[in-house]
Amino acid sequence: MPLHIKSASETVDLKATAAEEPVEMPASAFAPAFPAVSQDAHEVYELIHNQLLLDGNSQQNLATFCTTWIEPEVQQLMAETADKNMIDKDEYPQTAAIEERCVHMLADLWNSPQAATTIGCSTTGSSEAAMLGGLALKWNWRKRQKAAGKSTETPNLIMGPVQVCWHKFCRYFDVEIREVPMQGERLLLTPEEVVARCDENTIGVVATLGVTFTLQYEPVQAISKALDKLQKETGLNIPIHVDGASGAFLAPFLQPALVWDFRLPRVKSINASGHKFGLAPLGVGWALWREHHDLPAELIFDVNYLGGNMPTFALNFSRPGGEIICQYYNFLRLGKEGYTAIQTECYELGRYLAEKIGELGPFKIIYDGEGGIPGLCWELVDKENAGFNLYDLADVLRNRGWLVPAYSMPPEREDLVIQRILVRHGFTREMADMLLGEMKNALTYFAEHPVSRSVAETESAGHDHSGR
């Protein structure tokens, strides 16, 4: 029997407790010591609830790629499924079936040649899904090398300016990272830069459909064609993994003619974040492979101690099933029509903001919301004479509740500091106009009170608002 602790709804016997010492909350709710006694449920709830009021308003967080608005029905489903363990497919077969349906729906959306039988899985997010894709590339490369009697000691992976999860993958799994640096006006991976770095130890190329820094899509089809040509000339057969963390839930609805997915035979795997533009609650990603042999059997484990024999090939084991169920809800609720309508509205709002912010004067728009992720990014036109830098602007906006990140670019373009806005479902035209008003007020303030700090001084003070 579990220990019975009074709930907030139970009546307290005042006579029985009058002679007892009153139970008080710790002197500091932030004390590191583990509490010695149990507390009233309602009082603890109120304590934590009030602490959370000090968090920012997620609707004003324009740095995050993640979902910040969900329907009441999604909230209800999350509450109803809090006890479901995604790994325990024998105990929760319907949840497992829902996960499998989602995989096949995504396979259809991403033009898999075998959508009804495509292999894939849910994950805790796109980072885990990306690492699964990377591991499959490494294992398949190792098989090819061994079959050819060649060394498997020095694998490398080619990519452009990427999210930190790929740096983690290469470090954790002992793969040389060949990250193509930003140079001059080139801020994305290009076919020429890919081919120049390929050799027999290249396990694959990561092409990003929505770069974290600028929100732009990398040219997956052009990279694939360049690798086709390389194979004809050298015999090197190098696969592509598409990091579709954001774009995989955007391009199919807004740019269906854009070829980036399993229509390209060289694309062997795709990862995506359900909790970004897939509109699901936080905690779900997806990894899919083109064909079964693209996911090595060595990466699949069979376990039988949860009540039945079942395969698993995610990095995490026990994890909640509610997010997968809510992803399924979104697929059924919205369909292609609903996703297209929502994402179109986000794109239009991004272009609107790009136009209006460009008209403010001090800013040069780098990405205007056309052809990549809904949003925009910009730099200062005259960094020396603006009277402020973008970190200063980010600080002023943060004081008004808006998180609009400013950050420097990766190596070889650290001189370029940009500011970025992501437009997600739940962000409205009214909110955009409120933000524009705050930006105008900030520019007026800086005109009257110029800030003399350099960007280097600002960065050394720890003002990194990248939101990554």
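List the number of the failed condition for Ile342; all other conditions in (1) without any contact (Cβ under 8 Å) to a residue 60 or more places away in the chain; (2) closer than 21 Å to Leu376 by Cα; (3) among the β-branched types (Val, Ile, Thr) hold. Looking at each condition in turn, Ile342 falls short on (1). What are the pairs, 6+ residues apart or on separate chains, where a residue within segment 203-215 that is under 18 Å from Val175 (Cα atoms) has its Cβ under 9 Å from a residue that is open to solvent by less than 10 Å² (accessible area, probe 1.4 Å) and aromatic (Phe, Trp, Tyr)? Here the result reads Ile203/Trp141; Gly204/Trp141; Val206/Trp166; Ala207/Trp260, each pair linking segment 203-215 to a residue that is open to solvent by less than 10 Å² (accessible area, probe 1.4 Å) and aromatic (Phe, Trp, Tyr).
Would you mention how many residues in segment 75-121 are among the charged types (D, E, K, R) and outside any helix (DSSP H, G or I)? Counting residues in segment 75-121 that are among the charged types (D, E, K, R) and outside any helix (DSSP H, G or I) gives 6. Pick from segment 371-412 the residues that are at positive phi and small (Gly, Ala, Ser): which of them is modelled with the highest pLDDT? Once the filter is applied, the top-ranked residue is Gly375.
Inclusion of Ala16 among residues that are modelled with pLDDT under 80 and outside any loop (DSSP other than H, G, I, E, B) is warranted. Filtering segment 138-179 to residues that are touching a Lys or Arg at 6+ places or on another chain (Cβ under 8 Å) and at pLDDT below 95 leaves Gln163, Val164.
Screening segment 56-74 for residues that are touching a helix residue (DSSP H, G or I) at 6+ places or on another chain (Cβ under 9 Å) and part of a helix (DSSP H, G or I) and picking the one that is farthest from Val423 (Cα to Cα) gives Glu73. Every residue in segment 160-171 that is over 13 Å from Ala245 (Cβ atoms) and surrounded by 19 or more Cβ atoms within 10 Å (Cβ to Cβ), please. The answer is Gly160, Pro161, Phe169, Cys170.
Only one of the listed residues (Ala245, Ala257, Ala314, Ala297) is out of contact with any Lys or Arg (no Cβ under 8 Å at 6 or more places or on another chain) and in contact (Cβ under 8 Å) with a residue 12 or more places away in the chain. That residue is Ala314. In the set (1) surrounded by fewer than 14 Cβ atoms within 10 Å (Cβ to Cβ); (2) among the acidic types (Asp, Glu); (3) farther than 29 Å from Gly278 by Cα; (4) out of contact with any helix residue (DSSP H, G or I) (no Cβ under 9 Å at 6 or more places or on another chain), Glu193 fails one condition alone, (1). Within segment 172-190, restricting attention to residues that are more than 21 Å from Glu379 (Cα to Cα) and in contact with a strand residue (DSSP E or B) (Cβ under 8 Å, 6 or more places away or on another chain), the residue that is most open to solvent (accessible area, probe 1.4 Å) is Glu176.
Quick check: anything in segment 222-235 under 24 Å from Phe169 (Cα atoms) and in contact (Cβ under 8 Å) with a residue 60 or more places away in the chain? No, segment 222-235 contains no residue that is under 24 Å from Phe169 (Cα atoms) and in contact (Cβ under 8 Å) with a residue 60 or more places away in the chain. Restricting segment 412-452 to residues that are of a type in the set (D, E, K, R) and within 13 Å of Ile357 (Cα to Cα) leaves a set whose member that is nearest to the chain's Cα centre (by Cα) is Arg420.
Across segment 112-128, not a single residue is classified as open to solvent by 60 Å² or more (accessible area, probe 1.4 Å), modelled with pLDDT of 95 or more, within 30 Å of Glu200 (Cβ to Cβ) and among the hydroxyl-bearing types (Ser, Thr, Tyr). Just for segment 96-111: of the residues that are touching a residue at least 24 places away in the same chain (Cβ under 8 Å) and charged (D, E, K, R), which one is most open to solvent (accessible area, probe 1.4 Å)? The extreme case among them is Arg101. Looking at (1) more than 30 Å from Gln419 (Cβ to Cβ); (2) open to solvent by less than 60 Å² (accessible area, probe 1.4 Å); (3) modelled with pLDDT under 90; (4) not in a loop (DSSP other than H, G, I, E, B), can you tell me which one Ile48 breaks? Of (1) more than 30 Å from Gln419 (Cβ to Cβ); (2) open to solvent by less than 60 Å² (accessible area, probe 1.4 Å); (3) modelled with pLDDT under 90; (4) not in a loop (DSSP other than H, G, I, E, B), only one is false for Ile48: (2).
The values are calculated or read from the model by the stated rules, or taken from the named source; none is laboratory data. The model shown is predicted, which means the values in this text are computed figures rather than measured ones. Virtual Cβ from ideal backbone geometry, glycine too; neighbours counted across all protein chains shown. Protein only, heavy atoms only, side chains kept; ligands, DNA and RNA dropped before computing areas. Shrake-Rupley method; radii C 1.70, N 1.55, O 1.52, S 1.80 Å.
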